[in-house]
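The values are calculated or read from the model by the stated rules, or taken from the named source; none is laboratory data. Owing to the predicted nature of the structure, the values given are computational and were not obtained by experimental measurement. As a convention, Cβ positions derive from the backbone with ideal geometry for all residues, glycine included, and neighbour counts pool all protein chains shown. The area values use the complete protein model at the heavy-atom level, side chains included, leaving out ligands, DNA and RNA. Shrake-Rupley method; radii C 1.70, N 1.55, O 1.52, S 1.80 Å.
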Amino acid sequence: TQAPYLLRNRSPILIFLGGALVTSTVEYIASWGQEFVYGTRSWDYSSFPLNINGRITLLYSIFWGLLSVVWIKDLSPRLSKALVRLPDRAGRVITNVLAIFMAFNLLISGLALARWVQREHDQHPISRIAKILDKQFPDERMERIYPNMVSADDDES
């Protein structure tokens, strides 16, 4: 949101280009980071034309650019007007609660994914947290959450 927001007073074409570039870069880094940290891939655009390492493709970059224009020119201003109506204290509390929730969600998702990868390599739980993750996030649940997840090793073969 922040990068295309810097272009909010510019033409939709500039917002489109900036949004497509920034979001495609983030998508590429996220794909690479997931493969580096977990050895897995959640998406593969290798079958799409004009892709880069199967991580990003021109088609989705165009979608990201269009979404950036819609977000910056329409949705974000509406949301901002609604948020300005909140009292400062309530706004700060809501923002902090949502930020904590997002951080917790990211942490649990990362731990569950790491534990799933460990189970794929027949590593038994050695900590209380690993046992809880195995109970709360069994393979069946993880397969529903991440239906396209593949091992990067399997993906290359």
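Before moving on, here are some points about what is shown:
- For the chain, the longest principal axis of the Cα atoms and the long axis of helix 58-70 meet at an angle of about 50 degrees.
- In straight-distance terms, cross-link reach from Lys81 covers every one of the lysines whose alpha-carbon lies under 17 Å from its own, apart from those fewer than eight places away in the same chain; here that gives Lys73.
- Rg in Å to one decimal, and Dmax rounded to a whole Å, for region 22-67 via C-alpha atoms: 10.4, 31
- For Leu83, neighbours were defined as the other residues whose beta-carbon sits under 15 Å from its Cβ, and their charges (Lys and Arg +1, Asp and Glu -1) total +4.
- Most mobile listed residue (Leu17, Leu83, Leu58) in the chain, GNM with C-alpha springs under 10 Å: Leu83
- Taking every protein chain into account, the accessible area of the chain amounts to 72 square angstrom per residue (probe 1.4 Å).
- Within the accessible area of region 1-133, the carbon and sulfur atoms contribute 69%, probe 1.4 Å, all protein chains present.
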